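K.L.:
Okay, here's the structure, questions in a sec.
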Amino acid sequence: MAIPAEQLKSPVTVNLAWCKGCGICYSLCPTKVLIGNELSKAVVAHPELCTSCRVCEAHCPDYAITVEGGPKR
Amino acid sequence: MSVTSLKAKLMQGNQACAEGAIYAGASFYAGYPITPSTEIAEILSERLPQVGGRFIQMEDEIASMAAVIGASVTGAKAMTATSGPGFSLKQENIGHAMITEVPCVIANVMRLGPSTGGPTSPAQGDVMQARWGTHGDHPVITLCPNSVQECFELTVKAFNMAERFRTPVFIMFDEIIGHMRERVVLPEPGQIPVVNRKKPEVGPESYKAYEPVDETLVPPMASFGDGYRYHVTGLTHDETGFATTKPEKMAAHLQRLHDKINNFLPEVVDYEEQSIEDAEVVLLAYGSVARAASRAVKDARAAGLKVGLIRPITLWPFPGEAVKKAAAKAKAVIVAEMNLGQIINEVRVAVEGQAPVYGVLRADGEPISPTEILAKIKEVL
Amino acid sequence: MNPEIAQYYRVNKLPHIWCPGCSNGIVVRSIVEAIDKAGLDQDKTVIVSGIGCSSRAPGYMNFDTLHTTHGRALAFATGVKLAKPELNVFVITGDGDCTAIGGNHFIHAARRNIDLNVILFNNNIYGMTGGQYSPTSPTGTKATTAVYGNIERSFDSCKLAQTAGASYVARGNAFNTRQLTDIILKGIENPGFSFIEALSSCPVYYGRRNKKGGPADMLKWQRDVCVTQAAYDRLPEEKRAGKIITGVLHHEPQPEYTAEYAKIIEKAQGGNG
């Protein structure tokens, strides 16, 4: 049985105080883990799809995203 | 030239300035060739590496001023030298050093302007540019020697004041002083005190780069590379060194820049008086013109005329109190300067209408002679 | 913020002032990652900048930082490096700062081959002042001072650096952050003038007016047009137009200025007995 998405510990965390809603992360995320909210800020919608590739973190101009696990860059 | 044999020497004003810098502990010079200051660069290119210092000829005047500031934040005592057009070009970065409170010395050997003007002609036309050359408000310290000996001594003093007050200091002399050769007695090491900037006594965690810690209002200055990891910006900043747009912080910052010097005027302001006690005519002159004025005082006294001289050694801050006091007893005040009227306006302010103020003003590349000054004395009496 | 990089930032100064989608923050991250990989002593590393959007970066970086006047960062940095050669000195500059008002300092710092690591954030526009064309704005660019289109030709700042004498020249972009970090790291390792042009992007003043899409579109454009020299050479002729070569473009070690000056000091002191 699949664990509901909201109960998964997400490898991706978004600091909404720093996020300016540019949309880079959810545009570049290859597995669509992130989506934009009504302010176009990033929210984690599908943590179970995260491969910890860290593309979102590396391209967040505002250092608002942290991805646990995955390759050290 | 051997360093140790320097005692009494015949030298040029520009050379005395360079030797004064070495005496004061200068370890960095950046400059760009410009007449009539070039000898300062030439001499320091040879002398600085001898004492472990560094010289660089930069690509332009602007870069020279920038490099001096960069060197100073690492802890070096740094200077540049220039003349009118170069002094104009340096102004923006001088403003940067003012607001970031980076100690440094700028020698300006004055030639006739504006523009290229008369590169080899003496003048004193940069007096107001020294005071107001940058945009915005800040006090300036400007020293003005009238002899080769003073070129040496006031260069040492310029470094001392730069370090003491954490500010750029100008030493400005006209081309006559810069290129004149005179006997100079060079002091032994330690004979003239050498001042070094105050360093922080606290560790990096509690250091605030622009927070004064005592009544001097001068914040201790860490050197880059000492582990303080602090920020220097030309933006108006608060005591932490980071930019602020809060009106009260901006006001406090600019006020402190003024107060750190203006609260200590007796320590800063310097001038010399000659036969001023009973003077009915008060002369005011500086630099090479003060030598002619001094001669004129002697000649006038020999002719029974009560004439005295005030010679500002700090053009800025201007010794206005001394002028005011002397003018109170005088029938006339005469200002002699190699421009068409610069410090004379400051004198008028200081005199406060107590006596008429006349000028012996000249901006034709020729020095002002004692005869001209004497003629004016006789005319106004 | 990822703890891997947090030590290199003044975290209490964040979030930064840059616009949403401005890629300056991405480039700064590559700089600190390169510093981390190079193992530089944070207390012996200085960041110098001029004026403009990118030049605000040092305020967020946890080093000794010097924010100077417009165009003059390289001249300030020359003073820092020459006065204290043991410091690692970085210069963060922009296309206007480095190649317009600071053009003279740029070519002469390169000519001296003084050991500075220069990262030019090229966003092809003056952002801080609201979108005027810069020396790297392509011909035809629309800008607030080129409303009919820019008629000037643009600089290739990498060719300029190489011609002027830089011993290391590279170009990267904000999309390919691994490559960018890597070429900055190689620049750090080069004892001499290392010049790295980092293609940045300004979605607000450049992108919007020139119909380049949103922030992500501008990064994807970088992904699509940037190729290494090797990849470019493999491309058929008809696919080469509009490509931008990235990677290390030039590396030819030359005598370094402060090392040469140390010899001057030795000579001057030896000669003096």
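The values are calculated or read from the model by the stated rules, or taken from the named source; none is laboratory data. Since we're looking at a predicted model, the values are computed, not measured. Reconstructed Cβ throughout: ideal geometry from the backbone, glycine too, with neighbour counts over all protein chains shown. The protein model used for the area step is the full one, side chains on, heavy atoms only, and it has no ligands, DNA or RNA in it. Shrake-Rupley method; radii C 1.70, N 1.55, O 1.52, S 1.80 Å.
K.L.:
What GluC sites (Glu not before Pro) in segment A:7-62 are in a loop by DSSP, with at most 13 other Cβ atoms within 10 Å of the Cβ?
P.N.:
A:Glu38
K.L.:
Here's another thing I want to ask about it. C:Glu260 to B:Asn263: FRET efficiency via 1/(1 + (r/R0)^6), r the Cβ-Cβ distance, R0 35 Å, to the nearest 0.05?
P.N.:
E between C:Glu260 and B:Asn263, to the nearest 0.05, is 0.15.
K.L.:
Same structure again: Of C:Val11, B:Val281, which has the most accessible area with a 1.4 Å probe, and how do the rest follow in descending order?
P.N.:
The residues order as C:Val11, B:Val281, largest area first.
K.L.:
So, one more: Can you tell me the dipole magnitude for segment A:5-67 around its Cα centre, using point charges on the Cβ only (Lys, Arg +1; Asp, Glu -1), in Debye to the nearest 20?
P.N.:
80
K.L.:
Then there's this: Residues with beta-carbon under 13 Å from that of C:Asp217, excluding C:Asp217: net charge, scoring Lys, Arg +1 and Asp, Glu -1?
P.N.:
The answer is +4.
K.L.:
Here's a follow-up. Between B:Val102 and residues 5 or more places away or on another chain, which pairs have amide H atoms under 5 Å apart, with H built 1.01 Å from N, and which residues are they?
P.N.:
Amide H neighbours of B:Val102, under 5 Å, 5+ apart: none.
K.L.:
In addition: Going toward the positive end of the dipole of segment B:202-308, with +1 on Lys and Arg Cβ and -1 on Asp and Glu Cβ, which of B:Val218, B:Ala296, B:Asn263 do you reach last?
P.N.:
B:Ala296
K.L.:
Apply the Karplus curve 6.51 cos²θ - 1.76 cosθ + 1.60, θ = phi - 60°, to the phi angles in segment C:52-64 and return the couplings in whole Hz, x for Gly and Pro.
P.N.:
Residue by residue, segment C:52-64 yields x, 4, 5, 5, 7, 4, x, x, 9, 9, 8, 8, 6 Hz.
K.L.:
Based on DSSP loop calls and a cut-off of at most 10 other Cβ atoms within 10 Å, the longest stretch of chain C free of exposed trypsin sites (Lys or Arg not before Pro) is what?
P.N.:
Looking at chain C, C:1-152 is the longest stretch - no exposed trypsin sites (Lys or Arg not before Pro) with at most 10 other Cβ atoms within 10 Å.
K.L.:
Multiply the residue separation of B:Arg301 and B:Glu273 by 0.36 nm, subtract the distance between their alpha-carbon atoms, and state the gained length in nm to one decimal.
P.N.:
Roughly 8.6 nm would be gained on extension.
K.L.:
Same structure, new question: With the cut-off at 27 Å, report for chain C the share of all Cα pairs above it, as a whole percent.
P.N.:
I get 36 percent for the Cα pairs in chain C exceeding 27 Å.
K.L.:
While we're on this one: Where does chain C land at 222 nm, in deg cm²/dmol rounded to the nearest 500, when only DSSP H runs of n ≥ 4 count, each adding -39500 (n - 2.57), divided by all residues?
P.N.:
-10000 deg cm²/dmol
K.L.:
Pick out, in residue order, every one of the chymotrypsin sites (Phe, Trp or Tyr not before Pro) in segment C:119-187 that is DSSP loop and has at most 10 other C-beta atoms within 10 Å; say none if there are none.
P.N.:
Those that pass, being in a loop and sparsely packed, are C:Tyr148.
K.L.:
Report, in debye and to the nearest 20, how large the dipole of segment B:272-380 comes out about its Cα centre when Lys and Arg carry +1 and Asp and Glu carry -1 on their Cβ.
P.N.:
I would put it at about 200 debye.
K.L.:
Moving to a separate point now. Quickly work out the A:Glu38-to-A:Thr13 label distance, labels modelled 7 Å from Cα along the C-beta direction, and quote it in nm with one decimal.
P.N.:
2.6
K.L.:
In debye, nearest 20, what is the charge dipole magnitude of the protein assembly as shown about its Cα centre with +1 on Lys and Arg Cβ and -1 on Asp and Glu Cβ, if you could check?
P.N.:
Its charge dipole is roughly 1140 debye.
K.L.:
Return the distance in nm (one decimal) between the two label points of a simple spin-label model at B:Val194 and C:Lys239, each offset 7 Å from Cα along Cα→Cβ.
P.N.:
Each label point is offset 7 Å from its Cα along the Cβ direction, giving 6.7 nm.
K.L.:
Of the listed pairs C:Lys159/C:Lys220; B:Lys77/B:Lys198; B:Lys306/B:Lys378, which have alpha-carbon separations greater than 18 Å here?
P.N.:
C:Lys159/C:Lys220
K.L.:
In nm, to one decimal, how far is the modelled label at B:Asp214 from the one at B:Glu182, with both set 7 Å along Cα→Cβ?
P.N.:
3.5
K.L.:
Then there is this: Under 12 Å from the Cβ of B:Val335, count the other residues' Cβ atoms, weight Lys and Arg +1, Asp and Glu -1, and hand me the total.
P.N.:
Spelling it out: positives minus negatives among the neighbours equals +2.
K.L.:
Moving to a separate point now. Which residue, C:Gly187, C:Gly140, C:Gly39, tops the fluctuation ranking in a GNM of chain C built on C-alpha contacts under 10 Å?
P.N.:
In this elastic network of chain C, the residue with the biggest mean-square fluctuation among C:Gly187, C:Gly140, C:Gly39 is C:Gly39.
K.L.:
Could you work out the equivalent-ellipsoid semi-axes for segment A:5-67, taking the square root of 5 times each eigenvalue of the Cα gyration tensor, largest first, in whole Å?
P.N.:
The answer is 16, 12, 11 Å, longest axis first.
K.L.:
Could you work out [θ]222 nm for chain B from helices alone, using -39500 (n - 2.57) per DSSP H run of at least four and dividing by all its residues? Round to the nearest 500 deg cm²/dmol.
P.N.:
-12000 deg cm²/dmol
K.L.:
Using a Gaussian network model of chain C whose springs link C-alpha atoms within less than 10 Å, name the residue from C:Thr69, C:Thr177, C:Thr145 with the highest mean-square fluctuation.
P.N.:
In this elastic network of chain C, the residue with the biggest mean-square fluctuation among C:Thr69, C:Thr177, C:Thr145 is C:Thr145.
K.L.:
Within the set of other residues whose C-beta is less than 9 Å from the C-beta of C:Asn62, count the net charge using Lys and Arg as +1 and Asp and Glu as -1.
P.N.:
Here the count lands on +2.
K.L.:
Is the C-alpha gyration tensor of the protein assembly as shown telling us rounded, prolate or oblate? Criteria: a/c under 1.5 is rounded; beyond that, a/b larger than b/c is prolate, otherwise oblate.
P.N.:
It comes out prolate by the Cα gyration axes.
K.L.:
Once the dipole of the protein assembly as shown is set up with Lys and Arg at +1 and Asp and Glu at -1 on Cβ about the Cα centre, which of B:Thr38, C:Ser154, B:Val156 lies farthest towards its positive end?
P.N.:
Of the options given, the answer is C:Ser154.
K.L.:
What FRET efficiency would be calculated for the residue pair B:Glu352, C:Ile17, taking the C-beta separation as r and a Förster radius of 56 Å, to the nearest 0.05?
P.N.:
Computed FRET efficiency for B:Glu352 and C:Ile17: 0.70.
K.L.:
Which FRET efficiency value, to the nearest 0.05, is calculated for A:Cys53 and C:Glu189 with the Förster distance at 41 angstrom and r the Cβ-Cβ distance?
P.N.:
Using R0 = 41 Å, I get an efficiency of 0.90.
K.L.:
A follow-up question, please. Which of C:Ile114, C:Ile125, C:Ile101 ends up with the largest GNM mean-square fluctuation for chain C, with Cα atoms connected below 10 Å?
P.N.:
Per the Cα network of chain C with a 10 Å cutoff, C:Ile101 tops the list.
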